[in-house]
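Structure first, commentary second.
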Amino acid sequence: TSHTWFWNLIQNDFKTGNIDLEGCMRLLEKMQIPFDEDHVKHVFRKTVDKQAGQIISMEDFRSIYRTLVHRPEFGELFKAYSTDGKILPDSQLLKFLAKEQFQTEANETTALEIIMKYEPIDEVRKKKQMSFEGFIRYMNSDECSIFKSQHKTVYQDMNQPLCDYFISSSHNTYLIADQLMGPSHLWGYTSALLKGCRCLEIDCWDGTNNEPVVYHGHTLTSRIPFRSVIHVIDKYAFMSSAYPLVLSLENHCSPKQQEVMAQCMKSVLGDKLLSSPIGGETEMTQLPSPEALKFKVLVKNKKTGTIEESMLRMEDDYQVETEEISDSDSQSEDEDTDDTLPLQKSRSPTKRKGARKSSLLPQKKQKVKKAKIAIELSDLVVYTKSQKFVSFEYSLKNQKCYENNSIGESQARKLARYSAKEFISHTARFITRIYPKGSRMNSSNYNPQEFWNVGCQMVALNFQTPGTQMELQDGKFLDNGGCGYVLKPEFLRDCNTTFTPQNVGGYSKPMSLSIRV
């Protein structure tokens, strides 16, 4: 029966003779067989190499189909439950569901529904049976995915403060290769946003014609206009997730070009850009929730003065162009440049583009760094003010709930090792961003898990670099509908928790997992 079904299905495509690679792929699509194009090309070439030419016969196609679809482990399973090795009656399918799939609540109706949905051969389906073809289609379906189907949509409580969530975060989002000579490209932002990333990094520098540019400073990476980046963000910001998007500005621009940045974000992003607190409240004791900030873009940058002062200025249309802030007031985004390159270790302004007075580059005065910030840009910072990390004790006494810290991976690793309890207490109160060390010039990544384990919300990775680290990232943020926000476990949201990664204690629910590949 299976044999006849197969020939009837494909014979029309071979009426005019043999088919080529394109025809082979079209036929697989028509049969609703999911495939990897490179794999099909590989199998096709192996088949045609045995003969002359680039076309295949019906028999060749059957051989390719079986190579792609008839996986031997499926065959073993099917034969273990089939009475004759060809057909699986509904009663045997039920046994398979209970014993292999642990669907203990499955009944005859469940088995029948699966047969009706996945069995492609009419004759077999009418007899309430399943062929190997139907069994394969069921095993390859989402129903057999190891991932819980109810987690494919947002199911977590989204009304907790922002600091209670792990937030999908990208480092040097504009780079699509290495950190020294690779290209900067708008695709970096598009692809990160389509993956559900909710914190993008934008490295801003003065450009020509008063137009800021984005690139990795003091390197040979190419440059892209800041304005183009904001247009891409406007287009893709909420395509994969409705929840707030944070723009982490690593800002090296002069006050004049900072004003251009602010005006650009206002004009391009419009109402999406959050520029004042929700509900107009200026006295904040906790951050708003992702739910309250849906479809909003938040600017993460230095800020001068209070939120109240910003709002008064906006109401009165009061114009002050720049203000000077010392390093003790702000997160020097120079530190946020990732312990960055050995090239920057001297940190002397004169080694850069000259120590211009209007420059945002820190000026040394008895070891107190000063930077100038455009008020217009400062006023756009509401819930994500960059604040220099001094110590956990300092933060506890002085830090406001809307002030965020950025900590390099090396320092964060030491803190996680020697002060885990204080670190967790800190991340239960404040959003903390971790970024890769500067020696990772090939854009390699650290293991994000060690920083999630102490509750760090924004663990920034190089999205362009595949590997175990990005697989952990992708896996973690597939959860909760892939919206880029995953609620932290309760023991990482409690300021008085006794949990540490070294002292798991009663928080642990050990599970033994056995996998056969």
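Scanning segment 448-475 for residues that are of a type in the set (A, V, I, L, M) and without any contact (Cβ under 8 Å) to a residue 60 or more places away in the chain gives Val454, Met470, Leu472.
Of all residues in segment 202-221 being touching a residue at least 40 places away in the same chain (Cβ under 8 Å) and open to solvent by 50 Å² or more (accessible area, probe 1.4 Å), which is farthest from Met441 (Cα to Cα)? It would help to see each step written out before you state the result.
Let us first name the residues in segment 202-221 that are touching a residue at least 40 places away in the same chain (Cβ under 8 Å), namely 202-207, 210-212, 214-221.
Those still in the list that are open to solvent by 50 Å² or more (accessible area, probe 1.4 Å) too: 210-211, 218, 220.
Values: Asn210: 30, Glu211: 27, His218: 13, Leu220: 12 Å.
Of everything passing the filter in segment 202-221, Asn210 is farthest from Met441 (Cα to Cα).
Considering the conditions (1) in contact (Cβ under 8 Å) with a residue 12 or more places away in the chain; (2) open to solvent by less than 100 Å² (accessible area, probe 1.4 Å), Lys86 is excluded by exactly one of them, (2). Hey, any hits in segment 311-321 for a residue that's buried (at least 19 other Cβ atoms within 10 Å of the Cβ), at pLDDT 50 or above, in contact with a helix residue (DSSP H, G or I) (Cβ under 9 Å, 6 or more places away or on another chain) and assigned by the TED database to the domain that holds Glu211? No. Scan segment 479-517 for residues that are among the polar types (S, T, N, Q) and within 17 Å of Asn159 (Cβ to Cβ) and the total you get is 1.
Evaluate segment 434-446: report whether one residue or more is within 21 Å of Leu249 (Cβ to Cβ) and touching a Cys at 6+ places or on another chain (Cβ under 6 Å). Yes; the residues of segment 434-446 include at least one that is within 21 Å of Leu249 (Cβ to Cβ) and touching a Cys at 6+ places or on another chain (Cβ under 6 Å). Gln54 meets each of the listed conditions (1) closer than 29 Å to Lys126 by Cβ; (2) open to solvent by 90 Å² or more (accessible area, probe 1.4 Å) apart from (1).
Just a yes or no: is a residue in segment 240-258 more than 15 Å from Gly207 (Cβ to Cβ), part of a loop (DSSP other than H, G, I, E, B), at pLDDT below 95 and hydrophobic (A, V, I, L, M, F, W, C)? The answer is no; no qualifying residue exists.
Criterion applied to Asn405, Asn398 was being of a type outside the set (A, V, I, L, M) and within 24 Å of Phe477 (Cα to Cα), and the one residue passing it is Asn405.
For Met181, are the conditions met, namely being of a type in the set (A, V, I, L, M), surrounded by fewer than 20 Cβ atoms within 10 Å (Cβ to Cβ) and in the same structural domain as Pro225 (by the TED database)? Walk me through it before giving the result.
Values: of a type in the set (A, V, I, L, M): yes; surrounded by fewer than 20 Cβ atoms within 10 Å (Cβ to Cβ): yes; in the same structural domain as Pro225 (by the TED database): yes.
Judged against the criteria, Met181 is a match.
Taking the criterion of being loosely packed, with under 10 Cβ neighbours inside 10 Å, in a loop (DSSP other than H, G, I, E, B) and on the phi < 0 side of the Ramachandran plot, the residues of segment 6-33 that qualify are Lys15, Thr16.
Please specify each residue of segment 448-482 satisfying the condition of being in a loop (DSSP other than H, G, I, E, B) and either in contact with a Phe, Trp or Tyr (Cβ under 6 Å, 6 or more places away or on another chain) or open to solvent by less than 40 Å² (accessible area, probe 1.4 Å) (or both).
Our first condition is that a residue be in a loop (DSSP other than H, G, I, E, B); within segment 448-482, this holds for 448, 453-457, 460, 462-467, 479.
Correct list: Pro448, Val454, Gly455, Cys456, Gln457, Ala460, Asn462, Phe463, Thr465, Gly467, Asp479.
The set of residues in segment 250-283 that are in contact (Cβ under 8 Å) with a residue 24 or more places away in the chain and in contact with a Pro (Cβ under 7 Å, 6 or more places away or on another chain) comprises Cys253, Gln257, Val260, Met261. Here Ser254 clears all of (1) crowded, with 17+ Cβ neighbours inside 10 Å; (2) touching a Phe, Trp or Tyr at 6+ places or on another chain (Cβ under 9 Å); (3) within 26 Å of Ser378 (Cα to Cα) except the condition numbered (2).
Taking only segment 483-498 into account, find how many residues are closer than 19 Å to Glu393 by Cα and open to solvent by less than 20 Å² (accessible area, probe 1.4 Å).
So in segment 483-498, the residues closer than 19 Å to Glu393 by Cα come out as 492-498.
Applying the additional criterion that residues be open to solvent by less than 20 Å² (accessible area, probe 1.4 Å) yields 492, 497.
Summing the residues that are closer than 19 Å to Glu393 by Cα and open to solvent by less than 20 Å² (accessible area, probe 1.4 Å) in segment 483-498 gives 2.
In the set (1) surrounded by fewer than 19 Cβ atoms within 10 Å (Cβ to Cβ); (2) at pLDDT 95 or above, Trp187 fails one condition alone, (2). The set of residues from segment 433-442 being touching a residue at least 40 places away in the same chain (Cβ under 8 Å) and not in a loop (DSSP other than H, G, I, E, B) comprises Arg433, Tyr435. Taken over segment 222-249, the criterion of being open to solvent by 10 Å² or more (accessible area, probe 1.4 Å) and farther than 18 Å from Lys294 by Cα is satisfied by Ser222, Arg223, Ile224, Pro225, Arg227, Ser228, His231, Val232. Please go through segment 190-201 and give me each residue that is within 23 Å of Val260 (Cα to Cα) and surrounded by 24 or more Cβ atoms within 10 Å (Cβ to Cβ), ordered by number. Listed by number, the residues that qualify are Cys199, Leu200, Glu201. Which residue is farthest from Ala242 (Cα to Cα), if the candidates are limited to segment 260-279 and must be part of a helix (DSSP H, G or I) and open to solvent by less than 40 Å² (accessible area, probe 1.4 Å)? Out of the qualifying residues, it is Val260. A count restricted to segment 25-44 and to residues that are out of contact with any Phe, Trp or Tyr (no Cβ under 9 Å at 6 or more places or on another chain) and either assigned by the TED database to the domain that holds Ser141 or of a type outside the set (S, T, N, Q) (or both) stands at 13. Of the residues making up segment 164-174, one or more are buried (at least 20 other Cβ atoms within 10 Å of the Cβ), over 16 Å from Leu247 (Cβ atoms) and not aromatic (Phe, Trp, Tyr).
Exactly one of these conditions fails for Asn445: (1) open to solvent by less than 60 Å² (accessible area, probe 1.4 Å); (2) touching a residue at least 60 places away in the same chain (Cβ under 8 Å); (3) under 24 Å from Tyr236 (Cβ atoms). Give me its number. In the conditions (1) open to solvent by less than 60 Å² (accessible area, probe 1.4 Å); (2) touching a residue at least 60 places away in the same chain (Cβ under 8 Å); (3) under 24 Å from Tyr236 (Cβ atoms), Asn445 misses (2) alone. Among residues of segment 95-106 that are under 14 Å from Ile146 (Cα atoms), those with a beta-carbon under 9 Å from a residue that is of a type in the set (Ser, Thr, Tyr) at least six positions away or on a different chain give the pairs Glu100/Tyr81; Gln103/Thr110.
The values are calculated or read from the model by the stated rules, or taken from the named source; none is laboratory data. These figures come from a predicted structure and were not determined experimentally. Don't worry about glycine lacking a Cβ; one is built from the backbone with ideal geometry, like all the others, and counts go over all protein chains shown. All accessible areas refer to the heavy atoms of the entire protein, side chains included, with ligands and DNA or RNA removed. Shrake-Rupley method; radii C 1.70, N 1.55, O 1.52, S 1.80 Å.
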